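Worksheet for the structure shown next.
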Protein chains: 4
Amino acid sequence: MVGRVDGEILTPTAAESHGPADADAITAAARLIGSAKKPVLLLGLLASGKSAAEAIRGLLAKTKLPVVCTYQGAGVVPREHFERFGGRIGLFHTQPADKLLDAADVVVTVGHDPIEYEPSLWNQGKKRNLIHIDAVSADIDKDYRPQLELTGNIAATLRALAAQIDPQTVPADTALLSEVARDRAILAERAALNGVPIHPMRLAHELQALLSDDMTLCLDMGSFHIWLARHLYSFRPRQILMTNGQQTLGVVLPWAIAACLVRPNEKVISISGDGGFLFSAMELETAVRLKCNIVHLVWIDGFYDMVGIQEMAKYGRLSGVEIGPVDVVRFAEAFGAKGLRIETPDQISSTIKKALEMPGPVIVGIPVDYRDNHRLMEIVHPDALD
Amino acid sequence: MVGRVDGEILTPTAAESHGPADADAITAAARLIGSAKKPVLLLGLLASGKSAAEAIRGLLAKTKLPVVCTYQGAGVVPREHFERFGGRIGLFHTQPADKLLDAADVVVTVGHDPIEYEPSLWNQGKKRNLIHIDAVSADIDKDYRPQLELTGNIAATLRALAAQIDPQTVPADTALLSEVARDRAILAERAALNGVPIHPMRLAHELQALLSDDMTLCLDMGSFHIWLARHLYSFRPRQILMTNGQQTLGVVLPWAIAACLVRPNEKVISISGDGGFLFSAMELETAVRLKCNIVHLVWIDGFYDMVGIQEMAKYGRLSGVEIGPVDVVRFAEAFGAKGLRIETPDQISSTIKKALEMPGPVIVGIPVDYRDNHRLMEIVHPDALD
Amino acid sequence: MVGRVDGEILTPTAAESHGPADADAITAAARLIGSAKKPVLLLGLLASGKSAAEAIRGLLAKTKLPVVCTYQGAGVVPREHFERFGGRIGLFHTQPADKLLDAADVVVTVGHDPIEYEPSLWNQGKKRNLIHIDAVSADIDKDYRPQLELTGNIAATLRALAAQIDPQTVPADTALLSEVARDRAILAERAALNGVPIHPMRLAHELQALLSDDMTLCLDMGSFHIWLARHLYSFRPRQILMTNGQQTLGVVLPWAIAACLVRPNEKVISISGDGGFLFSAMELETAVRLKCNIVHLVWIDGFYDMVGIQEMAKYGRLSGVEIGPVDVVRFAEAFGAKGLRIETPDQISSTIKKALEMPGPVIVGIPVDYRDNHRLMEIVHPDALD
Amino acid sequence: MVGRVDGEILTPTAAESHGPADADAITAAARLIGSAKKPVLLLGLLASGKSAAEAIRGLLAKTKLPVVCTYQGAGVVPREHFERFGGRIGLFHTQPADKLLDAADVVVTVGHDPIEYEPSLWNQGKKRNLIHIDAVSADIDKDYRPQLELTGNIAATLRALAAQIDPQTVPADTALLSEVARDRAILAERAALNGVPIHPMRLAHELQALLSDDMTLCLDMGSFHIWLARHLYSFRPRQILMTNGQQTLGVVLPWAIAACLVRPNEKVISISGDGGFLFSAMELETAVRLKCNIVHLVWIDGFYDMVGIQEMAKYGRLSGVEIGPVDVVRFAEAFGAKGLRIETPDQISSTIKKALEMPGPVIVGIPVDYRDNHRLMEIVHPDALD
């Protein structure tokens, strides 16, 4: 742990102090996985640490284990194992990855904190074995009572575990994974949506193409976040930083500033809705003063969309959800930053590329078409997007 | 961890999930201890767990490391290594064990939580190396910044560490330990104090003789606690349960009830002052109802002694510190328990033995002579007790 | 208001600083009461202050207003207007006084704080006028929105109000008051219950006969409290001190000590159940030390009766509600106080009289028969007690 | 009091429910004032209510009582009694009004809450009589123990008090008031300061000339606030709304929006520093959406001035106090509002007048010269400003 004393920065103790989990527990876990019919790996926040992610990749290389992750575990599964990746879960229990997890008879959680995706949402009433691999002991409750806990250095534990698993014995749920693959194919077609304002899936598609390995992407909260949390892939751990739940509107500009300070050689893209943008937009003053190379995209629809959806669900009427219009180009200029605007799908790529080449923060306004947002709460089946 | 769900008891996951600390960290620790001139072991609460205590005993058997402990680490150092045990520390920085700790150039803390004895009290401004061995990472602050952290299963870590330490290289601070031994010898003489009311050191002496391995002893707070915390030895981990600080007056009768439930085959002695006794004395109803075999000693002087000392120090006058008299024999009888009384030193042993043979709770009232209490705050030098 | 500074007692500013409420508001209130068909006075805590109570008595002498009160307004209605007194309300909405209040078209609250008896319990959904007479403005909510507020010195306001009310115009609800009278007559007969253990109504009856004007009576919480809060009358404000709700178990011995200090020339009787007694029984040490002339009655049934009733209602089973037995006579003697015991109905009066003549605190144990307690939650109709 | 229930607005009970304070207390107060040598009125927040302010003006018209006020009592003293007005107090105990208050032998507080200006700052250790006139009882502490409390309707109480005071008997402290007058004259000259950036006293002077009776002025916190709180006069109660202390940075734009909603026929000017502006500047979106006619002046110096002063005082160095530059004209335009800029003293009046004529919110940026700010903490003597 790191603390601060009187302005002086307390450095943590030297690198790694935990060893692997108890050897007997590791052996028992290998046996349990070996005898499972439908085992699934569930990756959480601590699975995305550097050494842990490498160890997971080793395990995936050796076995055919299907894998899902929370928003915080994004990027751990590498490109070469993409066909085994069921996708991301969190927020609503409606995703293909949820189906995969529901069907599992053994779930191996790795570095997963209950707050990322509450066990009451994904494990309630399930009779099956859980294996908890983490740096800390499990937070046991009615819906999360692991058969085995492997506590200690996650990477070392996973390496020891991988060494004991016989790859032959691990079956993959090919039926469900094929369904995931079919969904992805259909969604890929939706990426050609050409309307104005721009459809979120088109934006996801264009961002996917732009997202290179020397980039960090930070996401605020809002309906745009759910589109991207589900449909924008990453193959590098901690490349996409996502918040979860609805409590953190406005977090992303400060996050992006921090990312610039911590990863000075990377390009940083941050994204918010227009509502979330105004929550912390004055921090652009800080970004300009610190000369942060942030490209911040504002998805504009003049509406607190997620708030409105919940108001309608709870009260049957809307209240206080309209915003703006705010001219983000002028806003940027008021702070000495650059401002750009994307109006049509074909401008997305070129404008963001241009913005990435400009020094200092750039704000890019993008009107979006949120008419399909209601489907974010439904069981997603891509044909529904027609 | 254990939790409770809807009246159903959640059992923890199978036994041990942590492995030993990182192997390189253990090697580095062995090297650091090996090169130290005056290393000292500081044992805390988690050092008194069954397997951890065994591993510590193994380490002590192999090396000549001097050792001190907090009140919560009581009983870990076995009889055969008593000459290497500097004593217990906590509350005031005045003990022989504090001298030993002050002089150390490497301090190895084992299962020590800062709340047991704050590092600001024993390590402030010290330039020396700390090695932190614990189940959890160190809580770093200005006064506690370990050079090395060995996090994981404490017992396994200590076994691995012991295997790497060359016993030849560990020097003991014989001068300071001799001083400790001399102090103990002088204090042993004080145990013959024959006055009435009874002197706390005489009580400590008699209790020492009575304390057998099939006994649990629980201590409330008050000046009696400080006498016993320092001068009553135990060679069995978690045999003496002590609270710390002044915040827990009255805790001991509930503790003793719990000890009876958890260790049904042991004799349980609990001790409080007369002030602390009244804080929770009505729980005798519970002890009687549950037929707990507790012998509870009430040290009586009609005064909140530690409160009075602090009032004088802060305000220069006493307020609200007189209590009683309360006849604890009748009090016991009112609840259907037995009551006994010790008036003279020679009655101590026989009366307590008699009480231990009676079924159900027994309250034993003992008038004590606290005229030497002021010395508890001073640098203890036993000659001062004449 | 009174505060404390550094041990020095801050005395409040000279006696009375509030004048009467606004003159126009008083006139409007007189008019509203004059035109009501079924007005009722509801007296609360501040109605029991000395000058307020006198002014209320003046108002009752002039008009025929029916009146009810909360537990905190006990004793304000004098003997000569007893036939107009509907009784006390609070805790459950089942009393004759509740019927009277329910039927009212204008309710005049005097010094009533919502916490004494929440408006949601007695005024929810009622379309009628409220007049709020108090030292402070009304705490308006959905169920308490007075038509008129008369804020200021309560006594002066009531005097001005009484002067403007035409006694001819105030009708009394004779039908409901006759029902109250009939209930009282039937209950008076129940006071002859002669069983052993003693019935609560018999105790209420005997206490009523003993309660003289130079006495203060303090009640703890428990089922005994509900029996007495409803059926033991007082005609002197602040003679009976009652707590409300279930949150204050054990409050009464400290209260009785305070009553002794504040009213040194009165006899003080305090009453608790055996469960509540143990919550603060060790404060007997204080009562003895301060030589308080308290007679404390402990109603004994070896059970947390109100807790048990609620456990059965919520969980369908009992848990942790048995207590004792505790011999309160020996308990008293342990502290140097006197202890007495009442076993049969005919001993009640003589024993309490004897206790009142003894100096210092006296504890009196009384086994009671709580088999009728279930009726405390029902709409009380006295025939049900057969 | 007003509350809210389920979206429905709870209206308060009819107008006035308090009558005047107790008649005897009023008579005693009149006598105490009559016999005082140096009485002073101290007006607080509740003195600025409509009827209370009228009654105060009546009292001032009848007597020659000198008067001071807190920031919240601004505007109560009318133009015709300006020579008796010692000025405003609060924040630092350095003002001419503080001298007047210090010298008083009787202080009559009217509607003054201790939080506006703590009695420990203006009455500590003083041996003199206080008369507390308020709607609520005094909050007594070591430094505020009124001899008399007059609680009730403030206006009615003051009218009754005025009727009993013999104007002949009330002496005015002409020496100290002459000093106040001399100070004002000197400060008036400072208003001609012509430098660029603009001096705060010049801005105060120009604003004074512009401040007409159909205007509401709202002030944020910052050093600009202290300049205006002391030197910008108002002769209409609740015309200038000021926050106090440093805890409310950014409050003023929301306040100004509220003022527009509550006083739709007034012109609203609000003022903040550039630091405080950014704290809530995105609320301009709300102001534009609601079409609020606010002229918001931003005093610009690129610095958290008051924070910096305190950092230097406590830590001897500055940290994190530089801001911007932010172009407030473009900022305004980004939100669809108007933006203007004042560069030289001669543009102040014409630009603000122009802004007041524009519909919707207008942001006006004004670079200021804060080199004299250090004097805000010193005993102000206007010659010091040369």
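The values are calculated or read from the model by the stated rules, or taken from the named source; none is laboratory data. Everything numeric here is computed off the predicted structure, so don't read it as measured data. Don't worry about glycine lacking a Cβ; one is built from the backbone with ideal geometry, like all the others, and counts go over all protein chains shown. Quick note on the areas: whole protein, heavy atoms, side chains included, nothing else; ligands and nucleic acids left out. Shrake-Rupley method; radii C 1.70, N 1.55, O 1.52, S 1.80 Å.
Only one of the listed residues (D:Pro78, D:Pro96) is under 30 Å from D:Gln208 (Cβ atoms), touching a helix residue (DSSP H, G or I) at 6+ places or on another chain (Cβ under 6 Å) and open to solvent by less than 20 Å² (accessible area, probe 1.4 Å). That residue is D:Pro78.
When the range A:290-305 is filtered for residues that are open to solvent by 10 Å² or more (accessible area, probe 1.4 Å), of a type outside the set (Asp, Glu) and closer than 19 Å to A:His374 by Cα, the ones remaining, listed by number, are A:Ile300, A:Gly302, A:Phe303, A:Tyr304. Taking the numbered list (1) open to solvent by 10 Å² or more (accessible area, probe 1.4 Å); (2) of a type outside the set (A, V, I, L, M, F, W, C); (3) touching a residue at least 24 places away in the same chain (Cβ under 8 Å) in turn, C:Arg184 passes all entries but (3). Screening D:Glu8, D:Glu54 for residues that are at pLDDT 95 or above, open to solvent by 80 Å² or more (accessible area, probe 1.4 Å), out of contact with any Asp or Glu (no Cβ under 9 Å at 6 or more places or on another chain) and of a type outside the set (Lys, Arg) leaves exactly one candidate, D:Glu54. Is it the case that A:His112 is within 15 Å of the chain's Cα centre (by Cα) and crowded, with 22+ Cβ neighbours inside 10 Å? Against the criterion (within 15 Å of the chain's Cα centre (by Cα) and crowded, with 22+ Cβ neighbours inside 10 Å), A:His112 qualifies.
If you go through the range D:99-109 and pick out every residue that is open to solvent by less than 10 Å² (accessible area, probe 1.4 Å) and among the charged types (D, E, K, R), you end up with 0. Mind listing whichever residues of the range B:127-143 are open to solvent by less than 80 Å² (accessible area, probe 1.4 Å) and touching a residue at least 24 places away in the same chain (Cβ under 8 Å)? Result: B:Arg128, B:Asn129, B:Leu130, B:Ile131, B:Ile133, B:Asp134, B:Ala135, B:Asp141, B:Asp143. So, of the residues in the range C:261-284 that are open to solvent by less than 20 Å² (accessible area, probe 1.4 Å), part of a strand (DSSP E or B) and not β-branched (Val, Ile, Thr), which turns out to be farthest from the other protein chains (Cβ to nearest Cβ)? Per the criteria, the residue is C:Ser270. Going by what's in this entry, would C:Leu65 be described as assigned to a helix (DSSP H, G or I) and either within 23 Å of the chain's Cα centre (by Cα) or free of Cβ contacts under 8 Å to residues at least 12 places away in the same chain (or both)? Considered against the rule, which asks whether it is assigned to a helix (DSSP H, G or I) and either within 23 Å of the chain's Cα centre (by Cα) or free of Cβ contacts under 8 Å to residues at least 12 places away in the same chain (or both), C:Leu65 comes out as no.
When the residues of the range D:144-163 are narrowed to those that are within 14 Å of chain C (Cβ to nearest Cβ), touching a helix residue (DSSP H, G or I) at 6+ places or on another chain (Cβ under 6 Å) and of a type outside the set (Phe, Trp, Tyr), which ends up most open to solvent (accessible area, probe 1.4 Å)? Per the criteria, the residue is D:Arg159.
This table checks each residue for (1) part of a loop (DSSP other than H, G, I, E, B); (2) of a type in the set (Phe, Trp, Tyr); (3) under 14 Å from A:Ala29 (Cα atoms).
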site	(1), (2), (3)
A:Thr109	no, no, yes
A:Ile115	no, no, no
A:Leu121	no, no, no
A:Gln124	yes, no, no
A:Leu161	no, no, yes
A:Ala172	yes, no, no
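Does A:Pro66 satisfy being touching a helix residue (DSSP H, G or I) at 6+ places or on another chain (Cβ under 7 Å), within 14 Å of chain B (Cβ to nearest Cβ) and crowded, with 17+ Cβ neighbours inside 10 Å? Taking the combined requirement at face value, the residue does not satisfy it. Residues in the range B:321-337 that are under 10 Å from C:Val326 (Cα atoms) and acidic (Asp, Glu): B:Glu333 only. Whether a residue is open to solvent by less than 50 Å² (accessible area, probe 1.4 Å) and acidic (Asp, Glu) was assessed, and B:Asp214 does not pass this test. Just one of the listed residues (C:Ala191, C:Ala258, C:Ala287) is under 25 Å from C:Ser350 (Cβ atoms), over 17 Å from the mean Cα position of the chain (by Cα) and surrounded by fewer than 18 Cβ atoms within 10 Å (Cβ to Cβ), namely C:Ala191.
Selection of the range B:197-208 for residues being open to solvent by 10 Å² or more (accessible area, probe 1.4 Å) and more than 17 Å from the chain's Cα centre (by Cα) yields B:Pro197, B:His199, B:Arg202, B:Glu206. A single member of D:Leu219, D:Leu249, D:Leu211, D:Leu228 is within 19 Å of D:Ile342 (Cα to Cα), touching a residue at least 24 places away in the same chain (Cβ under 8 Å) and more than 10 Å from the chain's Cα centre (by Cα), and it is D:Leu211.
Evaluating A:Pro367 against the criteria (1) part of a helix (DSSP H, G or I); (2) modelled with pLDDT of 95 or more leaves one unmet condition, (1). With respect to the conditions (1) open to solvent by less than 10 Å² (accessible area, probe 1.4 Å); (2) assigned to a helix (DSSP H, G or I); (3) hydrophobic (A, V, I, L, M, F, W, C), D:Leu41 falls short on a single one, namely (2). Among the residues making up the range A:15-47, a single one is over 18 Å from A:Gly152 (Cα atoms) and either polar (S, T, N, Q) or facing chain B (nearest Cβ under 8 Å) (or both): A:Ser35.
Within 19 Å of A:Lys338 (Cβ to Cβ) and either in contact with a helix residue (DSSP H, G or I) (Cβ under 9 Å, 6 or more places away or on another chain) or not basic (Lys, Arg) (or both): is that true of A:Leu203 in this structure? Criteria not met by A:Leu203. So which residues in the range D:313-348 are open to solvent by 30 Å² or more (accessible area, probe 1.4 Å), under 18 Å from D:Val196 (Cα atoms) and part of a helix (DSSP H, G or I)? Within the range D:313-348, D:Asp346, D:Gln347 qualify.
From the list B:Val136, B:Val180, B:Val108, the lone residue that is touching a Pro at 6+ places or on another chain (Cβ under 9 Å) and either within 13 Å of chain A (Cβ to nearest Cβ) or modelled with pLDDT under 95 (or both) is B:Val180.
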